[in-house]
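Below: one structure, written as structure tokens.
The values are calculated or read from the model by the stated rules, or taken from the named source; none is laboratory data. Every value quoted in this text rests on a predicted model; they were computed, and no experiment measured them. No Cβ is skipped: glycine too gets one built from the backbone with ideal geometry, and neighbour counts run over all protein chains shown. What goes into the accessible areas is simple: the full protein's heavy atoms, side chains included, and nothing from ligands, DNA or RNA. Shrake-Rupley method; radii C 1.70, N 1.55, O 1.52, S 1.80 Å.
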Amino acid sequence: MILSGFFEIISLVSVVPFLTALTNPQEIWNIKIVQILSKSIGLLSPSDLLLPTTLIFSLATILSAAIRLTNLWIYGRLSAAIGSDLSCNSYRDTLNKPYGILIQENSSDIISKTTNDVAATVIVINLTLQLAASFVVIISLLASMILVNWRVSIFACAAFSFSYLTLAYFSRRRLLQNSFVVSNAYKAQIKSLQEGLGAIRDVILDSRQETYISIFKKADKPIRFRQAESQFLAAFPKYAIEALGILSLAAIAYVLSLSNNQSSNVLPVLGTVGLGAQRLLPAMQQSYSAWASIKSNNTALKRVITSLENPYKATNYSLSNTKANLFNHSIKFLSVNYKYNNNSEYILKDLNLEIKKGERIGLIGKTGCGKSTLIDLLMGLLEPTDGKILIDNQELFYTNNVLNLLNWRRLISHVPQSIFLSDKSIAENIAFGLDKDSIDFERVKYAANIARISEFIERSKDGYASYVGERGVSLSGGQRQRIGIARALYKESEILVFDEGTSALDNSTEKEIMNSIYELGSNLTIVIIAHRLSTISKCDRLLLLENGKIKNDGPPSIVLSNMN
């Protein structure tokens, strides 16, 4: 930026000798040092000065433009690098949030912050760099103009500055309002997209396309119109002040002509001031436009800054490939209570429970009784509001025991009712989260066989390399669920958790899969939420939950008979 300002001075100051050489070369030739230097390089008369002064002026102009272009390229690169850091940090912050906080946030708000708000912040960073560069250029140009004629320069600067400051004062509030509206409208726009696409079957069945288009339009229209208004507020001074600049130049020319009878003396001064004004106005306009755009993105910038100031830091523990030897005896819940926030009711109340290693535990109860919450606590995703969870008598949630919590989660495989599948191959979905090069294909095939999905895969055109489509759209519900089971088995975990994980399977397939899983080994601990009695019939114990408490705990036959 400083180098750019320096060459602006050189290029503008070089206008004076250039124009003087055009109109009155003798005036330059009369300068003693000019004569000495000219004769040393073979220039013998005033008319010979025209070519070197033209070359000096041209070279200074080219270097000034080249440095400004280089700066522009650097600003873009720097802004892009910072933007990538911000975007990744925002996403990292989201993924590192405690599960209990994350499930209470709106996904459209998270997506908007990670994409639109960060994009707006990158624009602000780039504009801030351009604003700083414009200030350097403005100061350099003013310094050059003052060297030529300080009265004219101060007049021009005062007139232009007053015009832009007045415009900034009156447009500031409107730009901030637009910033707030656009940022919130982006969240609403993403939300409408998610809801329309997420419920696409119902939308088509009920012919609700226009309803969702209308919702989208209500969010989209304010974005477009407010952005257009902000762009207008940033750009419109250019045309008004350009006219003011031309009128000012005409007035300056008239005043200079009256005060100086020799037009040859007026022309260099007028030419320098005119060129200075021609460069000064775009620099001022760029400064104003950058300021207006920064104000237009103010709300998005604040959201990103808030996120950066209060990050959920990732743990820096490096976990080895070998699973920690944490669980050898039992899991204990001691007087555990849980509620999702301070204003809600307790989901689990005074829960006391022990699960021994290798046990098969079934969880049953009405919807909303706390079964899934109990499993989330067991997996270390939620921390008890009160009470303790002990693994082999070691407290799971303990301030200085984060490494144990991370290692504990690695011992668990989870099969939810709704399986998320990425738009990748079947093998990559079974070995979820691993690069292709890191996948153990023998283990993939073994897990697929236990999950009773291997036959279907091998019949497919590309076998394990077959793509499943976004969210597994090319598979049936039962096939998706079996891939989810294979994914859990691929991990070779010590604890296997089914949260309605076989609900989409027919009775015979479910029976085959569960029989195979039960035979995997006596050290595998299994916890199952299921409504089918056939799924939990081979469990060692059944826990009947009612209103957040364990009402009954015992062998399946006894618990089920008491229910009847």
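Potential lengthening of the chain between Asn184 and Glu309 amounts to 42.9 nm, from the contour at 0.36 nm per residue minus the alpha-carbon distance. Calculated FRET efficiency, Ala66 to Ile36, Cβ-Cβ distance, R0 = 35 Å: about 0.65 to the nearest 0.05. For the stretch 426-466, the Kirkwood estimate of the hydrodynamic radius, built from every pair of different alpha carbons, is 10.2 Å.
Here the stretch 483-564 exposes an accessible surface that is 48 percent carbon and sulfur, computed with a 1.4 Å probe and the other protein chains kept in place.
Compute the Cα gyration tensor for the stretch 507-550, then decide on rounded, prolate or oblate, letting a ≥ b ≥ c be the square roots of its eigenvalues: rounded whenever a/c is under 1.5, prolate when a/b is larger than b/c in the other cases, and oblate in all that remain.
Details: a/c = 3.14, a/b = 1.51, b/c = 2.08.
Because a/c hits 1.5 or more and a/b fails to exceed b/c, the stretch 507-550 counts as oblate.
Label-to-label distance for Ser476 and Asp202 is 2.5 nm, based on points extended 7 Å past Cα in the beta-carbon direction.
Provide the FRET efficiency to the nearest 0.05 for the Leu176-Arg151 pair, computing r from the beta carbons and using R0 = 30 Å. The computed FRET efficiency comes out at 0.20. The gain in end-to-end length when the Val402 to Lys424 segment is fully stretched comes to 4.7 nm, 0.36 nm per residue minus the alpha carbon separation.
Annotation for Glu519 and Leu533: the two label points, set 7 Å from Cα along the Cα-Cβ direction, are 2.6 nm apart. Solvent-accessible area assigned to carbon and sulfur over the stretch 43-93 amounts to 74 percent, based on a 1.4 Å probe. Each 10 Å bin from zero holds the following percent of Cα-Cα pairs in the stretch 121-195: 15, 27, 28, 16, 9, 4, 1.
Report the full-extension gain for the segment Asn341 to Gln417: residue separation times 0.36 nm, less the Cα-Cα distance, to one decimal in nm. Kindly include the intermediate steps, with their values, before the conclusion.
Numbers: separation 76, 0.36 × 76 = 27.36 nm, distance 2.48 nm.
Difference between extended and current length: 24.9 nm.
Counting only protein heavy atoms and a 1.4 Å probe, the stretch 45-203 has 54 square angstrom of accessible area per residue. The phi-based Karplus calculation (6.51 cos²θ - 1.76 cosθ + 1.60; θ = phi - 60°) puts the 3J(HN,Hα) values of the stretch 421-431 at 10, 7, 7, 9, 6, 4, 4, 5, 6, 6, 8 Hz, whole numbers, x for Gly and Pro. With a threshold of 25 Å on the Cα-Cα distance, the over-threshold entries among Lys511/Lys549; Lys436/Lys461; Lys424/Lys461 are Lys511/Lys549. How big is the gap, in Å, between the Cα center of the stretch 369-407 and the Cα center of the stretch 122-193? Each part reduced to its Cα centre gives a spacing of 53 Å. Each label was represented as a point 7 Å from its Cα along the Cα-to-Cβ direction; for Ser84 and Lys551 these points are 5.8 nm apart.
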